[in-house]
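A.B. asks: Below: one structure in structure tokens.
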Amino acid sequence: MRWAFRTLTEEHRRLMEAGDARPPLVDETAQVEWMVPERCRAAHRTVRELGLPPDTLIVLVRRAGRAFVPRGEARIEPGDELLFVCAREQEAALRARLAELAKA
């Protein structure tokens, strides 16, 4: 997942530098990866039920070798790899929420 984000980030920066545009938003955001533990509070909940901090999105779920962009009703399953993007100032709150959700 990291390589995909890195590739997109590099391409975005290249395009921004080539054009007459605002500075990249990448500097204002953070990415967080998380593997859903086998027994945890997040398992079998929908994205909407996770109670994520404001300005936080799950942009990719990788499950059983396939990846998809989840919607609010998508269920999170044990073993899922999640890629979050959030406002940089929400990163600590997101990590704290994930620690809480990781508990059994």
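A.B. asks: So how many residues does the range 63-86 have that are within 11 Å of the chain's Cα centre (by Cα) and surrounded by fewer than 17 Cβ atoms within 10 Å (Cβ to Cβ)?
C.D. replies: Total meeting the criteria: 2.
A.B. asks: Mind counting the residues in the range 90-100 that are out of contact with any Cys (no Cβ under 6 Å at 6 or more places or on another chain) and surrounded by 13 or more Cβ atoms within 10 Å (Cβ to Cβ)?
C.D. replies: Of the residues in the range 90-100, 6 are out of contact with any Cys (no Cβ under 6 Å at 6 or more places or on another chain) and surrounded by 13 or more Cβ atoms within 10 Å (Cβ to Cβ).
A.B. asks: Residue 12 versus (1) of a type outside the set (Asp, Glu); (2) surrounded by 11 or more Cβ atoms within 10 Å (Cβ to Cβ); (3) modelled with pLDDT of 95 or more; (4) at negative phi: which is the lone unmet condition?
C.D. replies: (3)
A.B. asks: Filter the range 45-62 down to the residues that are surrounded by 14 or more Cβ atoms within 10 Å (Cβ to Cβ) and in contact with a Gly (Cβ under 7 Å, 6 or more places away or on another chain) and list them by number.
C.D. replies: Hit for the range 45-62 is 47, nothing else.
A.B. asks: Here's another thing I want to ask about it. Could you check how many residues of the range 56-86 are touching a strand residue (DSSP E or B) at 6+ places or on another chain (Cβ under 8 Å) and modelled with pLDDT under 95?
C.D. replies: Matching residues across the range 56-86 total 1.
The values are calculated or read from the model by the stated rules, or taken from the named source; none is laboratory data. Just so you know, these numbers come straight off a predicted model, no measurement behind them. Cβ: placed from backbone, ideal geometry, glycine included. Neighbour counts: every protein chain shown.
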